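Please read the structure below before turning to the comments.
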Amino acid sequence: MPRPGVIICEALRNAFKKKKATIDYPFQEGVKPKKGLRGAHYFILEKCTGCRACERACPPMCIEMVPSEVTKTGKRPVINLGECIFCGLCEEACRYDALFLTDYIELSAFGRDEMIIYSKETKPSESKEQQEEG
Amino acid sequence: MAEKKIVKVDAPKTGCVACMPRTMEIPLGPQHPALKEPEHFLLEVEGEVIVNATPRIGYVHRGIEKLAETKTYSQNLTLVERVCGICSHIHSISLVNATETALGLEGFKPPERAEYIRTIVSELERIHSHILWFGVAAHEIGFDTLFMLSWRDRELTMDILEDISGNRVNYAINEVGGTRRDLSEKQIARMNKYMDITIKRLKRYTEICLKEDTIRLRTQGIGVLLPSTAKKLCAVGPTARASGLKIDIRYDDPYNAYAGPLRDIFNVITYDTNDVFSRVVVRLLEIIEACKYVKWLLANLPDGPVFIKPPRKVPEAHVLSRTEAPRGELIHYLWSNNTNKPYRLKITTPTLANILSVAEMLKGDYIADSTITLASIDPCFSCEDRIITIINKDRRKAKVDNLTMDQLRKYSREWHAKNKRWKK
């Protein structure tokens, strides 16, 4: 026997619930898992040898090798986040733990140039200071 | 002032039905509020009733198959996930199964635990895809309360997927030779808890759908696809199962964990009213079944490694890999040539198989019902496009020239001589 308005009680129960199902995102912090999230890259120049493993593994070819003074082979990666698909294959390809993905996911920028990260080479001493400050 | 031209028209005599045009053509799409993706349907109507419908595909061709030839197998797994936004994992399973079958000629076999994890993720994907469809269908029939409620429950599954794979949509959990991530005890406990809640909620929604007049009056008796017609037009997935055909690749041609002891408890769900209501019920019951399979797989998860390093080169083979996507049967045809890149990859998605059934379903319905009938097959038009059609201005005759390589070179030289300032 069909009954009309079965969902009305369900809707009323939700209307008087104090707990919200949604989050006011920019004002409140979003929910994200504690580990395993794939966000923006973190690159450690001292560990990098310039072996090009990350460049070869990258599916959308967003990693470009540029000349460097620090690394062994004289090359280092520059990452274009505008083309990156955040698959994490570069992280697995890196044998020296120089490149890994962090849980930083708020990546909006005003221009395409701002999406290219690690385009300038920082000297090891400067980056260490930055780490201490951070 | 120019004189007005007087054109003589043979006006039809009043009351003469034979002289009046009987049918009218109404185009639906490519850009239309009812469609989420570009697709064209030419509806031939007689008053309010649709007499004939002609679908036209090929608006969102993206060249994925050609791109796949330039990338390695490992990279292709992330590429084929982008074929579809909702059923992304099943594409990657299909390709990885094809690759591992080709590697099996050299004696390679993926670990069992990895196959179980793949199956768990594909069942979770089926749950979230079906709940998404249920919400969209409720929205199409103007029942937004149900849309909001069902999508809130979908978030549980999305949270699990984000937890175990690191992403909400393109999970990238597969790798040739296993999976990239393992399941921890904490995650398994969380999944069991969330599956119990989802089963409870979905049983409630099934009860609502069977009793609520809002849904029954709007879905019963429209979009009818008879079993004989469904068989003739090669319908697949829930569309075929809603017409009473017992078709399921997970049962007919089992792969991964479905080939194991899970087959004993497997249940192919069919319903026999053949209309949109039948498709709603089949999908809802399938979600409950999928939750049960996830719980069974978690309870019987074998120990061992999740990844074995495969050989770099894939031996020469032609492999046809069939899997059951949330929307129906998905086919990946792989042609490998003893290198680390595929020579050819052909993808056939379930919507392409179901598109002729939609044209059949639309016949005899009102125009107002066309949106829910279209949505009832869970269309994914962007996935299906593997070809682009060229049509001239008169929209009828396609003019295609066959040119040899020399003729093409000559044509390009002439064209560039004519357009000297052309830049890319």
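The values are calculated or read from the model by the stated rules, or taken from the named source; none is laboratory data. What you are looking at is a predicted structure, and each value in this text was computed from that prediction instead of being measured. Note that each Cβ is placed from the backbone with ideal geometry, even for glycine, and that neighbours are counted across all protein chains shown. The accessibility values were calculated without ligands, DNA or RNA, using every heavy atom of the protein model including side chains. Shrake-Rupley method; radii C 1.70, N 1.55, O 1.52, S 1.80 Å.
Note on segment A:32-133: semi-axes of the ellipsoid equivalent to its C-alpha gyration tensor, largest first and rounded to whole Å, are 20, 17, 15. Ligands, DNA and RNA left out, the 1.4 Å accessible surface of segment A:32-133 is 50% carbon and sulfur atoms.
Near B:I164, within a Cβ-to-Cβ distance under 13 Å, what is the net charge of the other residues, with Lys and Arg +1 and Asp and Glu -1? That works out to +2.
Annotation for segment B:147-256: chymotrypsin sites (Phe, Trp or Tyr not before Pro) lying in DSSP loop with at most 11 further Cβ atoms inside 10 Å of their Cβ do not exist. Each residue, B:Y343 and B:D401, gets one label point 7 Å from its Cα in the Cβ direction; the gap between the two is 3.3 nm. Taking Lys and Arg as +1 and Asp and Glu as -1, the other residues whose beta-carbon sits under 14 Å from that of B:R413 total +2.
Around the amide H of B:N52, modelled in the peptide plane, lie the amide H atoms of B:E44, all under 5 Å away and 5 or more residues distant in sequence or on another chain.
Label zone (B:L210, point 7 Å along Cα-to-C-beta; backbone nitrogen cut-off 13 Å) within segment B:248-281: B:281. Restricting the calculation to Cα atoms, segment B:258-417 yields a radius of gyration followed by a Dmax of 23.4, 70 Å. Inverting the pair-averaged 1/r between distinct Cα atoms of the protein assembly as shown gives 26.9 Å as its Kirkwood hydrodynamic radius. Could you tell me whether segment B:206-342 comes out rounded, prolate or oblate from its Cα gyration tensor? Rule is a ≥ b ≥ c as square roots of the eigenvalues, rounded for a/c under 1.5, then prolate if a/b exceeds b/c, otherwise oblate. Cα axes put segment B:206-342 in the oblate bin. The alpha carbon convex hull volume per residue for segment A:37-81 rounds to 79 Å³. With a 10 Å cut-off around each Cβ of B:148-154, the average count of Cβ atoms from other chains is 2. Free of any chymotrypsin sites (Phe, Trp or Tyr not before Pro) that DSSP assigns to a loop and that have at most 13 other C-beta atoms within 10 Å, the longest stretch within chain A is A:28-95. Once you reduce segment B:157-227 and segment B:369-390 to the center of their Cα atoms, the two points are 23 Å from each other.
Modelled spin-label separation between B:L226 and A:V31, with each label point placed 7 Å from Cα along the Cα-to-Cβ direction: 4.9 nm. Between chain A and chain B, the total buried accessible area stands at approximately 2300 Å², from heavy atoms with a 1.4 Å probe. Among the GluC sites (Glu not before Pro) in segment B:78-168, none sits in a DSSP loop with a Cβ that has at most 14 other Cβ atoms within 10 Å. Its residues counted as N, segment B:64-354 yields a C-alpha radius of gyration over 2.2 N^0.38 Å of 1.01. Compare B:D406, B:D378, B:D163 in a GNM of chain B, Cα atoms joined below 10 Å, and give the one with the largest fluctuation. In this elastic network of chain B, the residue with the biggest mean-square fluctuation among B:D406, B:D378, B:D163 is B:D406. Computed over segment B:120-174, the P(r) curve from all C-alpha pair distances, binned at 10 Å from the origin, holds 26, 47, 22, 5 percent per bin. Taking label points 7 Å from Cα along the Cα-to-Cβ direction, A:A11 and B:N419 give a separation of 5.6 nm. Other residues within the sphere of radius under 15 Å centred on the Cβ of B:N52, judged by their own Cβ, net out at -3 (K and R +1, D and E -1).
The magnitude of the dipole of chain B, with charges of +1 and -1 set on the Cβ of Lys/Arg and Asp/Glu and taken from the Cα centre, is near 1840 debye. In chain A, helices alone account for a calculated mean residue ellipticity at 222 nm of -5500 deg cm²/dmol, with every DSSP H run of four or more residues adding -39,500 (n - 2.57). Between B:E384, B:E175, B:E69, the residue with the greatest mean-square fluctuation in the GNM of chain B (Cα pairs under 10 Å linked by springs) is B:E69. At a probe radius of 1.4 angstrom, the accessible area of the protein assembly as shown per residue rounds to 55 square angstrom. The charge dipole of the protein assembly as shown, taken about the Cα centre with unit charges on the Cβ atoms of Lys, Arg (+1) and Asp, Glu (-1), comes to about 1200 debye, rounded to the nearest 20.
For segment A:32-133, the dipole from Cβ point charges (+1 on Lys and Arg, -1 on Asp and Glu) about the Cα centre works out to 400 debye, to the nearest 20. Could you tell me which of B:A299, B:I173, B:Q31 has its Cα farthest along the dipole of chain B towards the positive end, charges placed at Cβ (Lys, Arg +1; Asp, Glu -1), taken about the Cα centre? After comparing all options, I get B:Q31.
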